[in-house]
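Student: One structure, pasted below without further comment.
The values are calculated or read from the model by the stated rules, or taken from the named source; none is laboratory data. Quick caveat: nothing in here was measured; it's all calculated off a predicted structure. For neighbour counting, all protein chains shown are included, and Cβ atoms are generated from backbone atoms with ideal geometry for every residue, glycine included.
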């Protein structure tokens with residue numbers, strides 16, 4: 001990869017490349033939030049896939065959710081670089097696309113498969129080390145993206161250490177998971193009805209016994 005291929009200059013902010021870059025920084029994270037919101041709505045309506053996703057998402061913990069969001073945010077930087085590098089360096093396009101895919105996949109693993117969080121951590125470290133050892137000079141935006149990845153890595157590492165690779169078991173944040181704290185009301189009504197009949201039967205038997213003894 002050439003040294004100049006990784007730079008994205010904003011001298012002409014009105015250019016289509018710069019506009020695409022700025023759009024990805026906004027719409028990719030917002031899109032991720034919209035997907036989670038849509039899953040929550042689907043879970044409330046009884047959609048099986050959405051219910052399973054939200055059950056895992058609710059158990060991901062605050063640190064895991066924060067790390068996953070930062071990974072999505074960092075992937076938006078990689079996606080934003082693509083148009084400006086199609087003409088400069090096709091290899092850079094492939095690397096940015098691969099890095100974005102790894103980051104998004106890692107974010108999904110973090111919130112849905114806690115047992116694979118160490119694997120996501122290894123992928124993140126490998127990506128950062130590849131940038132450091134690749135001899136590529138990064139511009140300010142690329143450094144910001146890698147800084148976000150490092151922060152996500154730290155949060156994920158803390159989450160893994162604190163939980164031993166298991167979910168953090170936070171309180172559910174959506175209405176898709178409902179805890180049943182008491183027996184169904186119908187059973188209580190049946191129990192009361194049976195007890196009332198038993199009491200009534202006991203009273204009637206005592207009355208019969210008293211009437212027989214009186215006669």
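Student: Restricting to the stretch 28-59, and then to whatever is in contact (Cβ under 8 Å) with a residue 24 or more places away in the chain, more than 11 Å from the chain's Cα centre (by Cα) and under 18 Å from residue 148 (Cα atoms), can you tell me which residue is surrounded by the most Cβ atoms within 10 Å (Cβ to Cβ)?
Tutor: Result: 28.
Student: Would a scan of the stretch 135-148 turn up a residue that is under 26 Å from the mean Cα position of the chain (by Cα) and modelled with pLDDT of 90 or more? Don't jump to the end; show me each part of the working.
Tutor: Residues of the stretch 135-148 that are under 26 Å from the mean Cα position of the chain (by Cα), as a first pass: 141-148.
After this cut, where a residue has to be modelled with pLDDT of 90 or more as well, the list is 148.
Yes, the stretch 135-148 contains a residue that is under 26 Å from the mean Cα position of the chain (by Cα) and modelled with pLDDT of 90 or more.
Student: Report, by residue number, each residue of the stretch 1-54 that is modelled with pLDDT under 70 and more than 22 Å from residue 78 (Cβ to Cβ).
Tutor: 14
Student: Can you tell me which residues in the stretch 64-91 are more than 24 Å from residue 151 (Cα to Cα) and touching a residue at least 24 places away in the same chain (Cβ under 8 Å)?
Tutor: Within the stretch 64-91, 83, 84, 85, 88, 89, 91 qualify.
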